[in-house]
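Coordinate-derived values only; no laboratory data. Since this is a predicted model, take the numbers as computed values, not measurements. Backbone-built Cβ (ideal geometry, glycine too); neighbour counts: all protein chains shown.
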Amino acid sequence: MPKLNENYLNLKESYLFSEITHRVNSYTKSNPDKKVIRLGIGDVTLALGPKIISQLHEGVDALAGAESFKGYGPEQGYEFLREAIVDYYCQNGVTIAADEVFVSDGAKSDTGNITDLFAQDNIILIPDPVYPVYVDTNIMNGRNIIYINATAENNFLPMPDHSVHADIIYICSPNNPTGAAYNKDQLAEWVKYALENDAIILYDSAYECFITDETLPRSIFAIEGAQNCAIEFCSLSKTAGFTGTRCGYTIVPKALNFTASNGAKMSLNAMWNRRQTTKFNGVSYIVQKGAAAVFSAEGMAQCKANIKYYQENARIIAKGLAQKNIRYFGGINSPYIWFECPNNMDSWDFFDYLLNNAQVVGTPGAGFGKNGLKYFRLTSFGNRENTIEAMERIDKLF
Ligand code: MLT
């Protein structure tokens, strides 16, 4: 009999968004005549920009000719895309090198897979509430997690406790689920803490494109010293509507070098390269052609127009909640609006109440951790008509 990874026994039975899908499917099965509005998982609804579409087509056409055909590509991503990402960072005032960029099928996979590079007995620091992938993937590996509280009292932006040591720190900013975003001074304090503790920050910047306040950092590498203590994950899912197309990237600085127990030098960039070349065969040429178009002037302008549309949805949601005197957070530098469940309800109860009485789907805060127990998340990624209708239904409910 194989010995199974019994750490899986320590996981919740199903992944948060699978559980939501399951409950919504069972509701729609029993209520086929009801129009359900889905503002739960952060999945985009607008079409990809025309520049991206034309480049995806070009990618397909290339595969039709013997001369231009592509088989296996570089596991790390085609040079044209890695360079386009380097230029994008450069426009935001951040210097990285193309061989520090690893193209992948998205930040979800990479934030999970990165755990391959770390031994089991690391001390992991994770904010609560948090994107459940960070927690679940560490539980799968049997690691001990220390949680730091993100609450309304600290504006959902916990700061390091210098009396506590951690080896690996997860930060997501702008934050999923709370929508809070760290400023440069706050991130600098995290970088200082990481350097003092010889720790690594795993920084998820998947929502950087929603930052409207230009003083806020869009990358941890905008902070001095971060090249020596951070890995950054980013994704085109929200930037460019690639939730279904799938493409993301991870920046692993070459300066991230540590000493092994036998004294050998270990480079995280070399380790990630070794991991990816062994377990991953790269993103398809077609998708990478489309992804490179995101970073062209025309493509980026089209993506920004879509982001503006979602930001208006966020404004509509926030306004609707404010009118009901419901305290909310986020929605400004983030596509997510995080609010207190009305009447002090628990978030799963509120989820069921909203689904059954207004046919609106959101995400219960408890799915992101214990500090989310009384909170609820709505996404601005719906279409305008549905977003307005959802808020009208919520308005009538309370
Ligand atoms: C979310 O709704 O939290 C995200 O869309 C999930 C993800 O990006 O995997």
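Kindly identify the stretch 259-398 as rounded, prolate or oblate by the Cα gyration tensor criterion: order the square roots of the eigenvalues as a ≥ b ≥ c, call it rounded if a/c is under 1.5, otherwise compare a/b with b/c, prolate if a/b is larger, else oblate. In terms of gyration-tensor shape, oblate.
Within the stretch 105-164, the ratio Rg/Rh, alpha carbon atoms throughout and Rh by Kirkwood, equals 1.00.
Paramagnetic label reach from Arg327 (point 7 Å along Cα→Cβ; backbone nitrogen cut-off under 14 Å): within the stretch 333-351, residues 338-345. Here Lys265 is the anchor, and the lysines within straight C-alpha reach of less than 21 Å, apart from those fewer than 8 places off in the same chain, are Lys254. For the chain, the antiparallel share of DSSP beta bridges with both residues in that region comes to about 55%. Scoring 42-55, 100-113, 344-357, 141-154 by mean Cβ neighbours within 10 Å over their residues and listing the highest first yields 100-113, 42-55, 344-357, 141-154. By definition, a body whose alpha carbon gyration tensor gives a ≥ b ≥ c is rounded when a/c is under 1.5, and the stretch 132-262 falls into this rounded group.
Considering only beta bridges that DSSP places wholly inside the stretch 176-252, some 50 percent are antiparallel. Sort the stretch 1-63 into rounded, prolate or oblate with this rule: let a ≥ b ≥ c be the square roots of the eigenvalues of the Cα gyration tensor; rounded if a/c is under 1.5, and if a/c is not under 1.5, prolate when a/b is larger than b/c, oblate otherwise. Oblate.
In whole angstrom, the chain maps to an equivalent ellipsoid with semi-axes of 33, 27, 21, each derived as √(5λ) from the alpha carbon gyration tensor and ordered largest first.
Using a cut-off of 17 Å between alpha-carbon atoms, which aspartates and glutamates can reach Lys70, once sequence neighbours fewer than 8 places away in the same chain are excluded? Of all the aspartates and glutamates, those that pass the test against Lys70 - Cα under 17 Å, at least 8 places apart if same chain - are Glu58, Asp61, Glu79. Taking 28 Å as the straight-line reach from the Cα of Lys324, the lysines in range (excluding those fewer than 8 positions away in the same chain) are Lys34, Lys35, Lys308, Lys370, Lys374, Lys396. When the alpha carbon gyration tensor of the stretch 93-134 is reduced to an equivalent ellipsoid, the three semi-axes, largest first, read 23, 14, 13 Å.
Residues whose amide H falls under 5 Å from that of Ile148, counting only those 5 or more places apart or on a different chain, are Ile126, Asp128, with hydrogens built in the peptide plane. Amide H contacts for Val361 (H built 1.01 Å from N in the peptide plane; partners 5 or more residues away or on another chain; cut-off under 5 Å): Ile37, Arg38, Leu39. Of the residues Lys289, Lys265, Lys324, which exhibits the maximal mean-square fluctuation in a Gaussian network model of the chain defined by a 10 Å Cα contact cut-off? Looking only at Lys289, Lys265, Lys324, the largest GNM fluctuation is found for Lys265. The listed peptides 27-33, 160-166, 305-311, 200-206, ordered by packing as a protection proxy, come out as 200-206, 305-311, 160-166, 27-33 (highest mean of other Cβ atoms within 10 Å first). Given +1 at the Cβ of Lys and Arg, -1 at the Cβ of Asp and Glu and no other charges, the dipole of the stretch 56-151 around its Cα centre is 360 debye to the nearest 20.
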